[in-house]
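The structure under discussion appears below in the form of structure tokens.
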Amino acid sequence: MKPREIKSGIFWVGAVDWDRRLFDALIPLPDGTSYNAYLVKGSEKTALIDSVDPTMSAVLFDHLASLNLDTIDYIIANHAEQDHSGTLPQLLEKYPGAKLVCTPKCKEFLVELLAIPEDRVNTVNDRDTLSLGNRTLEFIYAPWVHWPETMLTYLREEKILFPCDLFGSHLATSDLFLSDEGKGFESAKRYYAEIMMPFHTNIEKHLERLKEYQIDIIAPSHGPLYDKPEFILKAYRSWVFDKPRNIVVLPYISMHGTTRRMVDYLVGALAANGVTVKQFDLTSVDLGKLAMSLVDAGTIVLGAPTMLTGPHPVVAYAAFLANALRPKAKFASIIGSYGWGGRTVEQLTSALSSLKVELLTPVYCKGLPREADFKALDNLAAAIAQKHKENGFT
Ligand code: FEO
């Protein structure tokens, strides 16, 4: 793919990674991803905004060579994570006159993570500006989207926001701007759930602040650009500000079918009470889909058999993940079975300790569930439906 001109003198010079299937050795990438870098030519100076994953540095250098640049004066590093910063050492070598521009915290990270020479870095603070002649870059410090050093860059004259990871999506596409809104929404929501959701209270503040800026184009560091910024801004406002919905997310494991019987029964009882359920068998789950379902869930119910003295480790892993992602859910419960004892409920409850959830009475049975256990599952379903109603989850 060639450089793509966004506006006169402003180019996408990134790399589309169609084949990558895993990020952070954890997150599935069913649709690949991209690492978006941008070149902004001013009447006096030229700036490169972000770089690409080091595995694709050759693509970036080919783009830059094809634009016949005399030099690059500034390299803006919005974020120090290696998928955007990993090519910086090569860029500094290739363009010896270039200065890196980033926040003071980002400078620390770049020196520690990539051994960037300190004297090549100019630090900037919130609202600082950098003139390229007829174009002006403004820097907006936006910590915790999703690292503490991150800034967004705003090109004033063209009203383009370069927000790095914020508003991104892991979606490889040949389209420069988002064209398939259905696919774009799903990819952006998956990305939000996996990367941004743990920081939704910080994002809340940044969204408020961005209201001060007129934005014509959002050019994130992953996935397609938005020439209708309201599409992604509206989606973020909904994920961050809206109440949870009348939805139960139910990840579970069943070794010999007993917990599965309880899950089936509870799902039926919840449906009869008008509650939507998203059920995930953790032996074959796509973690991204599970994370996405947590964005809107009002309640999380874990289905876990007891293994040795505690929960099945795969359910413990799901609980650990849900705890780390910090969804907006307000209620949680645990169902499952045991053979001879164990501390499954206590251990899973403590694994959810970062969530601000009210624990609804768990249902744990010895061996096969009997009448009293099914009655308890009916009561749990009714309690969830009632809590959702009282809290206005629709
Ligand atoms: Fe796309 Fe936080 O790096």
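The values are calculated or read from the model by the stated rules, or taken from the named source; none is laboratory data. Computed from a predicted structure; not experimentally measured. Virtual Cβ from ideal backbone geometry, glycine too; neighbours counted across all protein chains shown. Ligands, DNA and RNA are excluded from the accessible area calculation, which covers all protein heavy atoms including side chains. Shrake-Rupley method; radii C 1.70, N 1.55, O 1.52, S 1.80 Å.
Residue-by-condition table, conditions (1) surrounded by fewer than 21 Cβ atoms within 10 Å (Cβ to Cβ); (2) touching a Phe, Trp or Tyr at 6+ places or on another chain (Cβ under 9 Å):
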{"residue": "Ala25", "(1), (2)": "yes, no"}
{"residue": "Ser43", "(1), (2)": "yes, no"}
{"residue": "Thr46", "(1), (2)": "no, yes"}
{"residue": "Asp53", "(1), (2)": "no, yes"}
{"residue": "Leu60", "(1), (2)": "no, yes"}
{"residue": "Thr71", "(1), (2)": "yes, yes"}
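Outside any helix (DSSP H, G or I), touching an Asp or Glu at 6+ places or on another chain (Cβ under 7 Å) and at pLDDT below 95, is that true of His146?
For His146, the condition - outside any helix (DSSP H, G or I), touching an Asp or Glu at 6+ places or on another chain (Cβ under 7 Å) and at pLDDT below 95 - is met.
Against the condition assigned to a helix (DSSP H, G or I) and more than 16 Å from the ligand (Cβ to nearest atom), how does Leu250 come out, does it pass?
No.
Can you name the number of the only condition in (1) open to solvent by less than 70 Å² (accessible area, probe 1.4 Å); (2) of a type in the set (S, T, N, Q); (3) more than 16 Å from the ligand (Cβ to nearest atom); (4) not in a loop (DSSP other than H, G, I, E, B) that Gln90 fails?
Of everything listed in (1) open to solvent by less than 70 Å² (accessible area, probe 1.4 Å); (2) of a type in the set (S, T, N, Q); (3) more than 16 Å from the ligand (Cβ to nearest atom); (4) not in a loop (DSSP other than H, G, I, E, B), Gln90 misses just condition (1).
When the residues of segment 318-360 are filtered to those that are β-branched (Val, Ile, Thr) and part of a helix (DSSP H, G or I), which remaining residue is least open to solvent (accessible area, probe 1.4 Å)?
The extreme case among them is Thr344.
Just one of Ser34, Ser57 is within 23 Å of Leu152 (Cα to Cα), away from the ligand (no atom under 14 Å from the Cβ) and not β-branched (Val, Ile, Thr); which is it?
Step by step, each of Ser34, Ser57 is checked, and only Ser57 is within 23 Å of Leu152 (Cα to Cα), away from the ligand (no atom under 14 Å from the Cβ) and not β-branched (Val, Ile, Thr).
For the subset of segment 135-157 comprising residues that are open to solvent by 30 Å² or more (accessible area, probe 1.4 Å) and closer than 18 Å to Asp216 by Cα, which member is nearest to the ligand (Cβ to nearest atom)?
Among those residues, the one meeting the criterion is Arg156.
Does segment 290-306 contain at least one residue that is surrounded by fewer than 17 Cβ atoms within 10 Å (Cβ to Cβ) and in the same structural domain as Gly367 (by TED's automatic domain parsing)?
no
Whether any residue in segment 361-384 is touching a Phe, Trp or Tyr at 6+ places or on another chain (Cβ under 7 Å), within 18 Å of Val249 (Cα to Cα) and part of a loop (DSSP other than H, G, I, E, B) is what I want to check.
No, segment 361-384 has no match at all.
Residue check: is Asp216 outside the structural domain of Leu355 (by TED's automatic domain parsing), of a type outside the set (Ser, Thr, Tyr) and loosely packed, with under 14 Cβ neighbours inside 10 Å?
For Asp216, the condition - outside the structural domain of Leu355 (by TED's automatic domain parsing), of a type outside the set (Ser, Thr, Tyr) and loosely packed, with under 14 Cβ neighbours inside 10 Å - is not met.
Would you check which residues across segment 154-210 are in a helix (DSSP H, G or I) and either at positive phi or charged (D, E, K, R) (or both) and list them?
Glu181, Lys183, Glu186, Lys189, Arg190, Glu194, Glu204, Lys205, Glu208, Arg209, listed by residue number.
Looking at (1) in contact with a Lys or Arg (Cβ under 7 Å, 6 or more places away or on another chain); (2) assigned to a loop (DSSP other than H, G, I, E, B), which one does Val295 not meet, given that it meets all the others?
It fails just one condition, (2).
Say whether the condition of being in contact with a Phe, Trp or Tyr (Cβ under 6 Å, 6 or more places away or on another chain), among the small types (Gly, Ala, Ser) and at pLDDT 95 or above is met by at least one residue in segment 73-86.
Checked against the condition, which is being in contact with a Phe, Trp or Tyr (Cβ under 6 Å, 6 or more places away or on another chain), among the small types (Gly, Ala, Ser) and at pLDDT 95 or above, segment 73-86 yields at least one hit.
Please determine, by comparing only the residues of segment 211-247 that are in a loop (DSSP other than H, G, I, E, B) and small (Gly, Ala, Ser), which one is farthest from Leu176 (Cα to Cα).
Here the residue is Ser221.
Would you please name the residue that is nearest to the chain's Cα centre (by Cα), looking only at residues in segment 346-394 that are more than 20 Å from Thr258 (Cβ to Cβ) and of a type in the set (Gly, Ala, Ser)?
Ser354
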